[in-house]
Amino acid sequence: MSRSERLVKLLTLLQSRPGMEAGGLARACAISQRTLRRDLDALTAAGFPVYFDHGYRLTAAALLPPVTLTVDEALTLRLAAQAAAPRAGSIAARSLTLATDKLQQVLATRPPEDPLEGQLALELPVQDPRTEALLAALTTAIAERHPVKLTYSPAARRGSPSRRVDPYRLLAVRAGWDLVAYCHDRRRIMRIPVNHLREVSMSRRRFRPVAARLLERHLHPGNAPLPAFQRIRIAYRSPVAEALKEHPPVGALMWEEGPEGSVIFTLVAVRTMDLVPWLLSCGEAVEVLEPADLRQEIRRITRAMAARHTLEPVSVQGGQPPPDSDSRSPV
């Protein structure tokens, strides 16, 4: 079994049988536990983080489809990440490092060494002033480790109108934001929807930081079904190949030397069609080896584009060419 096949099998095991111990995963993949740890690190670097909670589990795939950013937007994100890095915890710092590395792959311009404060001020429209005020208060409390008193809105109130909590994290969810906090009344860590809150009051006291392992199980959806992973093999040629050796594409598990100086990458994706715009942007320097349906889709799109751009005589009303045009027939 090749390493790429082994990594795909490991992903499948983590998806279909969450909670397996290291020994069981190592035996299923016919590898040592030391090799297993390296493979788990490779999956995390490829964008599929693994966490431990009564066995190893796979975080719901969080890879985004290709996003188009201007150079100014990408530089601003890098500057903001650099400013936040000294204050980030171990998990957030790792995510910041990976994210800024990916941005650097496509940036030809580096940010200034000493950015001005004005460059870090992102002017974002305020959608809901009340929610923005709650998030600002919670962000300050989390950064400074101050307990807070949460007052619930009447519509969301169930039991006590307020609770005293130690805030740990803010998580983006479909409905807005969730606060991960230790609730003193219930004596356990909870996820509290921010849109259920009416007011946040910060205490002057400080709480002790909680171990990261105690938070992990609360940072991911419980039994949310994970989508199926698809294995993709793509051959890149010069000049793209040289750049990707230094900065592999998102989702890349491994790469190997191919014929005629090409580089073959093995990737894992949830939706292969999300890769189509990026593959087309590489032009003739890229070739999809598998799966067949992605290769056929690239072929269909390129043939349709070629047919659309075939030069044909332009029919003009009255048989005369338009003003300022070349009357010669196209070659």
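The values are calculated or read from the model by the stated rules, or taken from the named source; none is laboratory data. Not measured: the values here are computed from a predicted model. Cβ sites come from the backbone with ideal geometry, for glycine too, and all protein chains shown count toward neighbours.
Annotation: of all residues in the range 241-283 being modelled with pLDDT of 85 or more and among the hydroxyl-bearing types (Ser, Thr, Tyr), the one that is nearest to residue 303 (Cα to Cα) is 262.
Contact map, the range 1-17: first residue within 14 Å of residue 269 (Cα to Cα), second residue assigned to a helix (DSSP H, G or I) and not aromatic (Phe, Trp, Tyr), Cβ cut-off under 7 Å, separation 6 or more or different chains; pairs are 7/39; 7/42; 7/43; 11/43.
For the range 1-26, the tally of residues that are assigned to a helix (DSSP H, G or I) and either exposed (fewer than 14 other Cβ atoms within 10 Å of the Cβ) or modelled with pLDDT under 80 (or both) stands at 5. In the range 257-279, what count of residues is obtained for those that are assigned to a loop (DSSP other than H, G, I, E, B) and hydrophobic (A, V, I, L, M, F, W, C)? Number of matching residues: 1. Scanning the range 229-277 for residues being among the small types (Gly, Ala, Ser) and within 24 Å of residue 97 (Cβ to Cβ) gives a total of 4.
Residues that are of a type in the set (Asp, Glu), under 30 Å from residue 17 (Cβ atoms) and at pLDDT 80 or above: which strands (runs of 3 or more DSSP E) entirely in the range 115-223 hold 1 or more of them? Step through it out loud before you land on a result.
Values: elements: 148-152, 162-173, 176-183, 188-193, 197-202.
So the answer is 176-183.
Touching a Leu at 6+ places or on another chain (Cβ under 7 Å), surrounded by 14 or more Cβ atoms within 10 Å (Cβ to Cβ), under 29 Å from residue 209 (Cβ atoms) and modelled with pLDDT under 75 - does that describe any residue in the range 84-92? There is at least one residue in the range 84-92 that is touching a Leu at 6+ places or on another chain (Cβ under 7 Å), surrounded by 14 or more Cβ atoms within 10 Å (Cβ to Cβ), under 29 Å from residue 209 (Cβ atoms) and modelled with pLDDT under 75.
When residues in the range 32-59 are screened for being modelled with pLDDT of 80 or more and crowded, with 18+ Cβ neighbours inside 10 Å, 5 of them pass.
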